[in-house]
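Q: Okay, here's the structure, questions in a sec.
The values are calculated or read from the model by the stated rules, or taken from the named source; none is laboratory data. Small disclaimer: the values here were computed from a predicted structure and weren't measured. So basically every Cβ, Gly included, is an ideal-geometry build from the backbone, and we count neighbours across all protein chains shown. Please note that ligands, DNA and RNA were not included when accessible areas were found on the heavy atoms of the full protein model with its side chains. Shrake-Rupley method; radii C 1.70, N 1.55, O 1.52, S 1.80 Å.
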Amino acid sequence: MWCGLQPADGRAEAHTAQTEVNKMAALHLNEQQRQCADLPLDRTVFLEGPAGAGKTTAAVARLLRWLADGVPGPAILVLTPQRTLAGPYTAALRQPTAPAGGQVTIVTLGGLAQRMIELFWPQVAGPAGFDPGRPPTFLTLETAQYYMARIVRPLLDEGYFDSIRVDRNRLYSQILDNLNKAAVVGFPHTEIASRLKVAWIGEASQARVYDEAQECAERFRAYCLAHNLLDFSLQYELFAGHLWPLPACRSYLIGRYTHIIADNIEEDTPVAHDILAAWLPSCRSALLVYDWHAGNRRFLGADPESAYRLKELCAERLVFAGSLVASPPVEALCRALARAIRPSSLRPPVPPQTGESGELGPEGRPAAPPAPIAASPRAALEFRAHRYHPEMLDWVADEIGRLVHEQGVPAGEIAVLAPFLTGALRFALTVRLEARGIPVRSHRPSRTLAEEPATQCLLTLAALAHPHWDIRPSKYDVAHALMLAIAGLDLVRAHLLAAIAYRVRDPAPVLLPFADIEPAMQERITFLFGGRYEGLRTWLAAQAEYLRRPTASSDWGGAGGRRREAGAAAAAGFDHFLSRLFGELLSQPGYGFHRNYDAGEIAANLIESARKFRQAAADDLGREYVQMVQEGVVAAQYVRSWQRQPQDAVLLAPAHTFLMSNRPVLHQFWLDVGGMGWWERLYQPLTHPYVLSRRWPAGAAWTDADEYAARQEALAALVVGLLRRCRAQVHLGLSELGETGSEQRGPLLQAVQRVLREVN
């Protein structure tokens, strides 16, 4: 990552732009990276190598070199498969020493597609089946699930999907995933069921499930076309199938973006690679960055094999073979563990034109094999076997405490990783670490909004402020909302307050004034909490009263003024109500979100989600939004959750989330190493990421051997990716019995044992 550039002194005015680039490169780049950055401007370059070799830093330097040499910023396009991977580029351009030149476009292909759809909508709407007289409405993952639910719910009542057991929100997301796979791989969405059925060799009843999923997908697509709704799959298809072939659109893109950087192309999709392949011959300069042994987003359509064919279209080929992150013991552990899982997992890609194996040097020539590492893998491993899961967690907390308090390791240089980070596991670790005085943060982007306590608090308070919704929270929900909303209020007093003050009247839910409570109970609750409760109650009552009395908006001052403000927010939308609830009340001193950055982040995500829902629905459907969230809609990606990086806090995250954040640390703790979660795929009865890909032969059946090979390949890629992002040591959390009491003897543990037998 390019950061910390020193400002030039007064003599720098006499230097050329080339001298300035060389000066910065000499401070921050090694010889390989300088070579990449200093290539002539008219070159198309394919840069490959393992993670941690410094490829992205070289790409950032190349970008700054373009700007320093006078390339206009608007002529540069930076493509990444996921917005979170663009962090090094945006950070470099925000540096005060970054060359001027205008705004560089940094997007995903989906983001670029959305921009082009807005620009060329009148020309493609009709041919694509939309109404060109109305503007398009872009759907997020959450709003797409809302409309999908409207299509699927009646079918569920008719008996659809009655042979499988899966949560409704996961069912909606898997149908959408099928549509997305068809779009990013490049086959008609009408072929989804036929591809899945041909590959299936299990019970015949599963064929009916695929047919039902196909019907739901086609009904959803028809609904979107009729109402000008564009989910991710339609945006992708519209761009690839209508806009890119459109001469006006292609001329606009090729004429504007003459310099392209595409990073992590192995994590992007085949259709993205097709577009890049057609675009490259028209580029003045390009840099494609490819990670070996990756493809961790295969379940989202990533295709490393498709990405590697772009190498043949580039005039210059560079290989960064070493690691600037992993220490020699960690690198030795990476090689040994990968070989123990899958012997061929560390083999570099094979160039399509030669058919040879082995590492490739510049210009595609076979390079010398990597030098052997003298360090022992054992030096990078720290572990202790335990019988029970809580004992393992105690050991993990003790080890982190020892690293932080005795060895001076910054807490921010420690990551605790698991295949799945459950709420119970996160809570258990957080309590243990905070008891040892160690700050903690967690990141679970796939966690639904409804699973967050702060979300439940906000939605419960929203129901109290909107009595016409006819949503009556339980006393349990109200008690927990009060506990989270009022700073310092414990669970006992919160339950007592809810039991006394919460009522449902004809049939609206209300909170009674604190003054109406018996004096003895007031003293038990305390007047401090009573005053804060009363502030919360009156704020909610003002909102509820306005909705009952619209003429109250003509009042000025006092409660009337508060009713007038509440009315304005109600007219503006539910997201505005949430924003006011957070800004005017919950974030203030004395209330639970004050200086609670996690709660503030969740509130911001919920507000953004509600805003996009209102825009997509073309109406303020606050009640429907609350019900949708409470049903467990899968959360969209919120970039702020990835960008917010506390300076010194231990990270708790799922392993794949840590990989996609692309941030190395000194120490990693792997939990439940013997668990099957490291090896098994998620249960997805309506879709299949491997069958719905270009790599899968048409008409071939998916056998147990294919499943085993895919799991081994995914585990090897995961382990290599994690170790390439570890500088010093890996600490293995081992317990004979897992979190649920099951015996732990998974493939990852077996591979670790094989490595230990070899080195001992």
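Q: Please name all residue pairs, on different chains or six or more residues apart, with Cβ atoms under 7 Å, provided the first residue is in region 475-497 and is on the phi > 0 side of the Ramachandran plot and the second residue is surrounded by 23 or more Cβ atoms within 10 Å (Cβ to Cβ).
A: Within 7 Å, no pair qualifies.
Q: May I ask you to say which residue of Leu482, Leu489, Leu421, Leu464 is assigned to a loop (DSSP other than H, G, I, E, B) and farther than 24 Å from Phe669 by Cα?
A: Answer to the check: Leu489.
Q: To continue, here is another question. Answer yes or no as to whether Asp162 is open to solvent by 30 Å² or more (accessible area, probe 1.4 Å), part of a loop (DSSP other than H, G, I, E, B), in contact (Cβ under 8 Å) with a residue 12 or more places away in the chain and of a type in the set (Asp, Glu).
A: No.
Q: Checking Asn264 against (1) open to solvent by less than 10 Å² (accessible area, probe 1.4 Å); (2) under 29 Å from Ala321 (Cα atoms); (3) of a type outside the set (Lys, Arg): exactly one of these is not met. Which one?
A: Failed condition: (1).
Q: The conditions are (1) β-branched (Val, Ile, Thr); (2) crowded, with 16+ Cβ neighbours inside 10 Å; (3) farther than 30 Å from Met660 by Cβ, and Thr190 fails exactly one of them. Which is it?
A: Exception for Thr190: condition (2).
Q: Ok, one more. Tell me which residues, restricted to region 58-85, are open to solvent by 10 Å² or more (accessible area, probe 1.4 Å), without any contact (Cβ under 8 Å) to a residue 60 or more places away in the chain and over 18 Å from Arg256 (Cβ atoms).
A: Arg65, Ala68, Asp69 - these are the residues of region 58-85 that are open to solvent by 10 Å² or more (accessible area, probe 1.4 Å), without any contact (Cβ under 8 Å) to a residue 60 or more places away in the chain and over 18 Å from Arg256 (Cβ atoms).
Q: Any chance you could count how many residues in region 228-255 are open to solvent by 10 Å² or more (accessible area, probe 1.4 Å), in a helix (DSSP H, G or I) and more than 23 Å from Ala217 (Cβ to Cβ)?
A: Final tally of qualifying residues: 7.
Q: Still on this structure, I have one more. Any residue at all in region 275-287 that is surrounded by 24 or more Cβ atoms within 10 Å (Cβ to Cβ), on the phi < 0 side of the Ramachandran plot and outside any helix (DSSP H, G or I)?
A: yes
Q: When the residues of region 506-520 are filtered to those that are surrounded by fewer than 17 Cβ atoms within 10 Å (Cβ to Cβ) and farther than 19 Å from Tyr476 by Cβ, which remaining residue is modelled with the lowest pLDDT?
A: If we take residues in region 506-520 being surrounded by fewer than 17 Cβ atoms within 10 Å (Cβ to Cβ) and farther than 19 Å from Tyr476 by Cβ, then Asp506 is modelled with the lowest pLDDT.
Q: Moving on to the next point. Name the residue, out of Ala277, Ala302, Ala294, that is small (Gly, Ala, Ser) and modelled with pLDDT of 95 or more.
A: Result of the check over Ala277, Ala302, Ala294: Ala277.
Q: Further question: Only one residue in Glu434, Glu452, Glu399 is touching a Leu at 6+ places or on another chain (Cβ under 9 Å) and among the acidic types (Asp, Glu). Which one?
A: Testing whether each residue is touching a Leu at 6+ places or on another chain (Cβ under 9 Å) and among the acidic types (Asp, Glu) leaves just Glu452.
Q: Quick check, is Glu707 at negative phi, in a helix (DSSP H, G or I) and in contact with a Lys or Arg (Cβ under 7 Å, 6 or more places away or on another chain)?
A: In short, no.
Q: When region 459-512 is examined, which residues are found to be within 33 Å of the chain's Cα centre (by Cα), among the small types (Gly, Ala, Ser) and within 21 Å of Val626 (Cβ to Cβ)?
A: Residues satisfying the conditions are Ala462, Ala463, Ala465, Ser474, Ala479, Ala481, Ala485.
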